[in-house]
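Take a look at the following structure, please.
The values are calculated or read from the model by the stated rules, or taken from the named source; none is laboratory data. Bear in mind the structure is a predicted one, so any value in this text is a computation, not a measurement. All Cβ positions, glycine included, derive from the backbone under ideal geometry; neighbour counts span all protein chains shown.
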Amino acid sequence: MAEQHLPFHVTSEGIKLHLKVTPQASVNKIADVGIDGQGAAFLRVYVTAVADGGKANSALLKLLSKSWKIPKSSVKIVRGKNQRFKVIEIIGDPDDLYRKLTQYF
């Protein structure tokens, strides 16, 4: 996959990840990378939790931290808390996180 189509970018604090969350899915899973109308990449993620009272957001953070073996305390929503399109910040060594996430994509 071309680097410009990765759904994240490196920051001085770690990684910012762009994603689209679908709540009430049949299974919790990190799916694939999509491209929006402006050509920006985002990661599709499905969670079984409902979008009520932050349940889907909690399930999302748990899924990401468990899947990528990142402490849950290092993963937070920085934009789109009440929307399907979100920006997640993962705090940590940017080089380590970059290697970990590019292996996944």
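Is there any pair with a first residue in the range 2-31 that is farther than 21 Å from Gly92 by Cα and a second that is among the acidic types (Asp, Glu) and exposed (fewer than 15 other Cβ atoms within 10 Å of the Cβ) whose Cβ atoms are under 9 Å apart and which are 6 or more apart or on different chains, and what are they?
Matching pairs, first to second residue: Lys20/Asp36; Pro23/Asp52.
Something else about it: Go over the candidates Val87, Val78 one by one and state the one that is under 13 Å from the mean Cα position of the chain (by Cα) and loosely packed, with under 14 Cβ neighbours inside 10 Å.
Among Val87, Val78, only Val78 is under 13 Å from the mean Cα position of the chain (by Cα) and loosely packed, with under 14 Cβ neighbours inside 10 Å.
Separate question: What residue, among those in the range 42-68 that are touching a Leu at 6+ places or on another chain (Cβ under 6 Å) and part of a strand (DSSP E or B), is surrounded by the fewest Cβ atoms within 10 Å (Cβ to Cβ)?
Result: Phe42.
Within the group Val75, Val47, which residue is free of Cβ contacts under 8 Å to residues at least 60 places away in the same chain and in contact with a Ser or Thr (Cβ under 7 Å, 6 or more places away or on another chain)?
One residue alone meets the criteria, Val75.
Looking only at residues in the range 42-64 that are small (Gly, Ala, Ser) and at pLDDT 95 or above, which one is nearest to Glu13 (Cα to Cα)?
Only one residue tops the list, namely Ser58.
Same structure, new question: Which members of the range 14-41 meet the condition of being at pLDDT 95 or above and assigned to a loop (DSSP other than H, G, I, E, B)?
Hits for the range 14-41 are Pro23, Gln24, Ala25, Ser26, Val27, Asn28.
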